[in-house]
1. For region 92-242, rounded, prolate or oblate, judged on the Cα gyration tensor with a ≥ b ≥ c (square roots of eigenvalues), a/c < 1.5 rounded, else prolate if a/b > b/c?
2. Please arrange 353, 242 by accessible surface area, largest first, computed with a 1.4 Å probe and ligands excluded.
3. Quick check on packing: order 101-107, 470-476 by the mean number of other C-beta atoms within 10 Å, highest mean leading.
4. Taking a 23 Å limit on the Cα-Cα distance, which of the listed pairs 291/330; 220/323; 188/216; 303/330; 216/435 fall beyond it?
5. Can you list residues from other chains, or at least 5 along the same chain, whose modelled amide H is less than 5 Å from the amide H of residue 138?
6. What are the extents of the Cα atoms of region 234-365 along their three principal axes, listed from largest to smallest and rounded to whole Å?
7. Apply the Karplus curve 6.51 cos²θ - 1.76 cosθ + 1.60, θ = phi - 60°, to the phi angles in region 284-294 and return the couplings in whole Hz, x for Gly and Pro.
8. Pull out a ≥ b ≥ c, the square roots of the eigenvalues of the alpha-carbon gyration tensor of region 280-329, then state rounded if a/c is under 1.5, prolate if not and a/b is larger than b/c, and oblate in the remaining case.
Amino acid sequence: MAAAGGFATSIASSAKSNGNLRSQAVPCPQIQSQTFYKPLNSRRTSASNQRLCLKCESASQNLNSIHKEESKRSNVIALEQLKASAIDRYTKEKSSIIVIGLNVHTAPVDVREKLAIPEAQWPRAISDLCALNHIEEAAVLSTCNRMEIYAVALSQHRGVKEVTEWMSKISGVPVSELCQHRFMLYNKDATRHLFEVASGLDSIVLGEGQILAQVKQVKKLGQGVDGFNRKIGGLFEHAIITGKRVRTETNISSGSVSVSSAAVELALTKLPESSYATVRVLVIGAGKMGKLVIKHLAANGCKEMVVVNRTEEKVAVIREELKDIRIVYKPLSEMMGCAAEADVIFTSTASETPLFLKEHVQTLPADTKMARRLFIDISVPRNVEPCVSDLETAEVYNVDNLKDVVAANKEDRLRKAMEAQTIISEELQNFEAWKDSLEAVPTIKKLRAYLERIRASELDKCLSKMGDITDKQKKAIYDLSMGMMKKFLHGPMQQLRCDGRSDFQKPEEMLEIMHAVNRMFDLETEIILETVRTKMERTKK
């Protein structure tokens with residue numbers, strides 16, 4: 001009606017310009033509007049006035065009709081926008097696998113330690129993450145060298161934002177600081193990263209095996225936790241398979257890549273029967289390097305050893321860690337007496353002068369279980385005088401000898417890492433095919449439910465029209481309807497179901513078929529709404 005009022009105003013303005021208007025304003029009786037116009041000259045008849053009002057009313061009706069059409073179109077647009085706004089975040093972006101984290105390569109230890117999450121708290125962290133608006137599934141991998149969040153995000157960018165804010169909240173580290181140190185990977189890149197982590201390719205020591213055990217622990221603790229569901233569970237399962245294949249097929253973890261482990265392995269090659277079981281071992285020094293030597297000795301089958309150190313405190317700590325190993329402490333003053341009874345001697349002290357001079361070693365008894373007493377000196381400056389090697393009763397190896405072994409082993413591991421990438425690419429392809437097959441599961445279920453509703457409805461109509469019939473006849477009609485539905489479903493199901501056949505179509509072909517079925521039977525909306533309902537139910541918990 002406002003439009004009609006505007007139309008009347010334009011007529012009034014036009015009449016005014018012709019000078020045929022009185023000064024008194026009288027509202028048009030036919031138009032309920034707040035807009036007024038001035039009446040025509042008194043020489044005009046009342047019939048003329050009536051005709052003018054009829055024209056105004058007609059114009060008002062036409063404009064009202066136009067207004068209704070525009071309103072209708074506006075309502076349709078608004079409805080479409082409403083539909084889109086409700087599920088837009090779930091439809092415009094396909095759910096993504098993301099990893100957000102900090103590790104030894106990107107962040108200093110003082111930042112990493114603030115974000116560390118103990119194993120006992122991993123299930124709670126998964127639940128908290130999945131309570132975020134755009135996170136559907138999640139897992140936490142937190143070790144001394146890394147803290148990484150793996151998630152299935154309904155919206156990639158919103159998911160990253162929410163996880164980053166959550167990490168800031170639990171750690172107290174500002175988002176701006178996290179952004180300086182975090183790394184983010186999506187989909188195939190995120191999957192490849194986890195596979196490389198599980199294979200030991202992202203570790204400080206290339207090929208180390210401890211990280212695979214930690215990845216296994218993530219899967220073990222995640223089982224049964226709401227939020228550690230099919231995609232994330234499958235991701236970690238494939239990562240474990242990849243890590244095992246890399247270690248088995250490349251033997252990447254063989255060969256020492258640290259001086260302490262190289263020292264123990266080098267000595268092992270010089271022992272009778274290549275075993276520590278029958279020889280007497282002496283370790284001099286229980287500092288950082290000495291402790292590593294002791295641990296490597298224990299890992300290589302040495303069950304008993306004597307450790308010489310200035311104080312017993314450090315030795316006691318090591319003894320507590322290695323309860324299955326008999327570690328005997330001796331003070332530094334008894335070093336030469338202990339050396340006289342040892343077959344293999346490891347030295348790793350910070351002494352600036354040699355502990356073993358030629359004349360000292362020369363006086364040691366030669367009744368060892370080996371042809372020559374073995375000295376492995378990993379100290380700098382050296383603890384064993386170089387000329388000791390001139391003695392027929394002693395064999396000496398120092399850091400330079402070991403560095404050559406370590407360097408050769410590192411080069412070997414790099415070559416094996418290249419081989420590992422081939423395995424990782426194969427397993428990545430297997431995972432992507434498996435993940436793509438999951439996309440068809442909701443379509444299969446919805447298509448079956450859709451056709452079942454039609455079958456049941458049509459069966460009820462048929463039976464209601466047939467009147468009184470026997471149970472046998474009812475069963476025959478029921479069996480007929482079920483048989484028809486199964487035959488109709490057979491073709492689509494064969495194309496949508498990934499059953500491991502070698503002649504199965506490529507994943508992209510299967511996805512194309514899935515999208516076609518969704519469009520034909522309008523299943524996509526139902527699938528999306530189910531995703532939204534699941535997310536809302538989890539949020540309420």
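1. Working: a/c = 1.37, a/b = 1.07, b/c = 1.28.
Judged from the Cα gyration tensor, region 92-242 comes out rounded (a/c under 1.5).
2. Numbers: 353 85, 242 0 Å².
Largest accessible area first, the list is 353, 242.
3. Numbers: 101-107: 19.0, 470-476: 10.1.
The most tightly packed comes first, giving 101-107, 470-476.
4. In this structure, 220/323 lie more than 23 Å apart at Cα.
5. Result for residue 138 returns 152, 228, 229.
6. Principal extents (largest minus smallest coordinate, Cα): 62, 31, 29 Å.
7. Working through the residues one at a time gives 10, x, 10, x, 4, 5, x, 4, 5, 4, 4 Hz.
8. On the way: a/c = 1.43, a/b = 1.35, b/c = 1.07.
Since a/c stays below 1.5, the shape of region 280-329 is classed as rounded.
The values are calculated or read from the model by the stated rules, or taken from the named source; none is laboratory data. Bear in mind the structure is a predicted one, so any value in this text is a computation, not a measurement. As a convention, Cβ positions derive from the backbone with ideal geometry for all residues, glycine included, and neighbour counts pool all protein chains shown. Surface accessibility is based on the protein's heavy atoms, side chains included, excluding ligands, DNA and RNA. Shrake-Rupley method; radii C 1.70, N 1.55, O 1.52, S 1.80 Å.
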